[in-house]
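Worksheet for the structure shown next.
The values are calculated or read from the model by the stated rules, or taken from the named source; none is laboratory data. This one's a predicted model, so the numbers in the text were calculated from it and none came from an experiment. Counting neighbours? That spans all protein chains shown, and the Cβs are built from the backbone with ideal geometry, glycine included. Note: areas computed on protein heavy atoms with side chains; ligands, DNA, RNA excluded. Shrake-Rupley method; radii C 1.70, N 1.55, O 1.52, S 1.80 Å.
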Amino acid sequence: MEDMSRCVIKPRISHKGFMSLAVPTYRASTIVFSDVEDYAKRGERGLDGYSYGLHGTPTTKTLEAQLTSLHRGEATVLLPSGQCAIAVIMLSVLMPGDKVLIPDNSYPPVTGFCKNYLKPRGIDYVIYDPTKTEEVEDLIDAATRLVWLESPGSTTMEVQDFSAIARIAHEKGALVGCDNTWATPLLFKPLEHGADLVMEALTKYIGGHSDLLMGSVTVRDLKLRVDMRNTMRMLGIGIGPDEAALALRGIETLAVRLKHSGRVAEEFARALDEIFPPGSVLHPALSSCPGHQFFMRDFAGASGVFSIVVPAQYEKYVDLGLTGLKFFSIGASWGGTHSLVAPMSVAGNRVKGEAHGGTILRLSVGLEEPADLWSDIEGMVERLGLPRRSSKVA
Ligand SMILES: *Cc1c(COP(=O)(O)O)cnc(C)c1O
């Protein structure tokens, strides 16, 4: 063999005796076939076989299988972001003339997608109050093909009566899909409560280190997987193996990270509930949170994200309050090892009920020493001008 060829063709080496705990990162656009017939029949390999890098490698399939197993589902597809996962669900199950119901507290780009993308293409949407289960029954009509849930809801944390809404939707012939990013499959398994499709932004807790963007959808019915894979094929959507490898690494520590952040965040929420006026702290473990009873009924615990409604008289101090934080960084996204705080305004996104006006602080508790984080929060509370109480958090 000439050197030019030796540069291109890798020498074969033995794998005998090599066993690693890590999942190899297989990079591939081309998949090669052993002979012409094998190549000609590649279309018969189905969704579990390999035909082209875009449609899967052993690395991405390992992550799919792990998510399927955690959700007790049948199959999972991976998408380049959480928002893309939501869009692909809707593009796969909705046709012109169909309608989707979305909760008022859903991740704001969901409403944007329905309003600015689906609606002009003949797919209608209706926004429902996530706390009014009976309203869902009235809103579902013959055109309604999908009922979307997000529980707890983005920023305001209302918990939905999941199984009741799923039952109503199914009785009326609609599919049930949900965004389970806050809970992850460890704290809530929507497929066991009536969902047909469960979406996760792996960007958050499963990636876990603020350096990865990915989404997933897990289903009970393989037909839904086929529909989504067809949409992805038409749009040319797939994910890279390096991202999948990061998610595979992140998921190994998910249980420990979530347990720790969830415990510390709940402790902080209870302490802050003593400092702020009643009802200001939005955390599903607090009895003041709408849907608290459903949280207690359905969830194995809380993750590390919750919110505080800044009382109107302290709003002018929000900038000052968030200045000089040592451990909390200011930023969107959440679920990583670093604690975050994000000042949010939800009023502009909400159409139902009494929307919280003003500023809401969304906190994501990471893995720093809890006492350091609490000293940061105490400083913030002081700069906001709230009366000091001697709440102790260990
Ligand atoms: C972040 C987030 C998404 C979107 O995930 P990306 O990967 O950032 O697109 C969807 N839903 C919820 C609840 C989120 O927090």
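Details
- Value of D in µm² per second that Stokes-Einstein yields for the stretch 111-195, Kirkwood Rh from Cα pairs, at 10 °C (1.306 mPa s): 118 µm²/s
- Expressed as a whole percent, the accessible surface of the stretch 261-394 that belongs to carbon and sulfur atoms is 53, based on a 1.4 Å probe.
- Where a label projected 7 Å from the Cα of residue 4 along Cα→Cβ would reach, residues of the stretch 10-38 with amide N under 20 Å: 10-11
- Converting phi to 3J(HN,Hα) with the Karplus coefficients 6.51, -1.76 and 1.60 and the offset θ = phi - 60°, the stretch 208-224 yields x, 10, 6, 9, 8, 10, 6, x, 9, 9, 10, 10, 8, 10, 4, 4, 5 Hz in sequence order, with x at every glycine or proline.
- Accessible-area composition of the stretch 64-187, carbon plus sulfur, in percent [1.4 Å probe]: 51 percent
- Computed over the chain, the range of Cα coordinates on each principal axis works out to 79, 54, 35 Å, biggest value leading.
- The Kirkwood radius of the stretch 251-329, taken over pairs of alpha-carbon atoms, gives through the Stokes-Einstein law at 25 °C and 0.890 mPa s a diffusion coefficient of 174 µm² s⁻¹.
- Spherically averaged projected area of the stretch 266-394 from its Cα convex hull (nm²): 8.1 nm²
- Solvent-accessible area per residue for the chain (1.4 angstrom probe, square angstrom): 47 Å²
- Divide the volume of the convex hull around the Cα atoms of the stretch 6-105 by the residue count and you get 207 Å³ per residue.
- Here the sum of -39500 (n - 2.57) over DSSP H runs of 4 or more residues, divided by the residues of the chain, equals -10000 deg cm²/dmol at 222 nm, to the nearest 500.
- Distance between modelled label sites at residue 137 and residue 249, nm, 7 Å Cα→Cβ extension: 5.1 nm
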